[in-house]
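Reading through the structure tokens given below for one structure.
Please treat every number below as a calculation from the coordinates, not as lab data. Note that this is a predicted model, so its numbers are computed, not measured. All Cβ positions, even for glycine, are placed from backbone atoms using ideal geometry, and neighbour counts span all protein chains on display.
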Amino acid sequence: MTKYVLSIVVDNNPNVMARVSSMFARRRFNMTSVTAAQTSDPGVSVITIVTEGDAHVLDQAVKQTRKLQEVQSITILPRNESLLCETIMIRLAFDEKNISLIKDIVEVYRAKIIDLTSSSMVVQLTGKPSKIEGFLEVMSPYRVLEMCRSGVIGMPRGSQSDWWKSSEA
């Protein structure tokens, strides 16, 4: 299954996120990540959805989403031509034996320790989804107490500002 990142520009109306996610659920399109935020225009929001499937699933998801009244445009963000990132916070247990190893990994990934107690730390990392996955893989030998991820956000590369204003549904 291929992962696709969809950037959906919508009118910033109440329940618009619920309508988009409900459409995905009704059509049985899988969403592995979903984020939404207002743009520099308070009347417009961007919903970023990561979905899995083949080309037919992608085509159907785009067609069905375009039918929603609040949708202004949909852009498929190619991974190699887009700026994609997400944030993770992970609480790790540590002891005297492994704290320096964990701190070394945190430094290599340019993550930040944002909370520290005598037996645990919370590490925050922002970066490409592949960087987040790599970090989680390297941290897997350590005891993860808790974790939360933001979901993917993204936009096209280049100098185009307000790219969402020039897209068409």
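Close amide H partners of GLN72, meaning residues 5 or more places away or on another chain with modelled amide H under 5 Å apart, are VAL9, VAL10, ASP11.
Here's the picture: charge each Lys and Arg Cβ at +1 and each Asp and Glu Cβ at -1 in the chain, and of LEU83, MET31, LEU116 the one pushed furthest to the positive end of that dipole is MET31. Taken about its Cα centre, region 47-157 carries a charge dipole of about 260 debye when Lys and Arg each add +1 at the Cβ and Asp and Glu each add -1 at the Cβ. Counting 0.36 nm for each residue step from LYS63 to ALA18 and taking away their Cα separation leaves a gain of 14.4 nm. Its Cα gyration tensor gives region 1-42 an equivalent ellipsoid; the semi-axes, largest first and in whole Å, are 21, 14, 7. Treating the Cα atoms of region 8-73 as identical point scatterers in vacuum, please give the log10 of the normalised Debye intensity I(q)/I(0) at q = 0.14 Å⁻¹, two decimals. The Debye formula, applied to the Cα set alone, gives -0.37. Phi angles across region 11-25 convert, under the Karplus curve 6.51 cos²θ - 1.76 cosθ + 1.60 with θ = phi - 60°, into 3J(HN,Hα) values of 5, 7, 9, x, 6, 5, 4, 5, 5, 5, 5, 5, 4, 4, 5 Hz, Gly and Pro given as x.
Among the listed options (i) 1.10; (ii) 1.25; (iii) 1.20, the one matching Cα Rg over 2.2 N^0.38 Å as calculated from these coordinates is (iii).
Partners of LYS97 within straight-line reach, counting lysines whose Cα lies under 24 Å from its Cα and excluding those fewer than 8 residues away in the same chain: LYS112.
Relative to the longest principal axis of the Cα atoms of the chain, the long axis of helix 55-66 lies at roughly 70 degrees. With R₀ set to 35 Å, the beta-carbon distance separating ASP41 from TYR142 gives a calculated FRET efficiency near 0.20. The amide H of ASN30, built 1.01 Å from its N in the peptide plane, has GLU52 as neighbours under 5 Å, considering only residues 5 or more places off or on other chains. Can you give me the angle between helix 129-139 and the longest principal axis of the chain, using Cα atoms only, in degrees from 0 to 90, rounded to the nearest 10? Roughly 20 degrees between the two axes.
Straight-line cross-link partners of LYS67 among the lysines, defined as a Cα under 20 Å from its Cα and at least 8 positions apart when in the same chain: LYS165.
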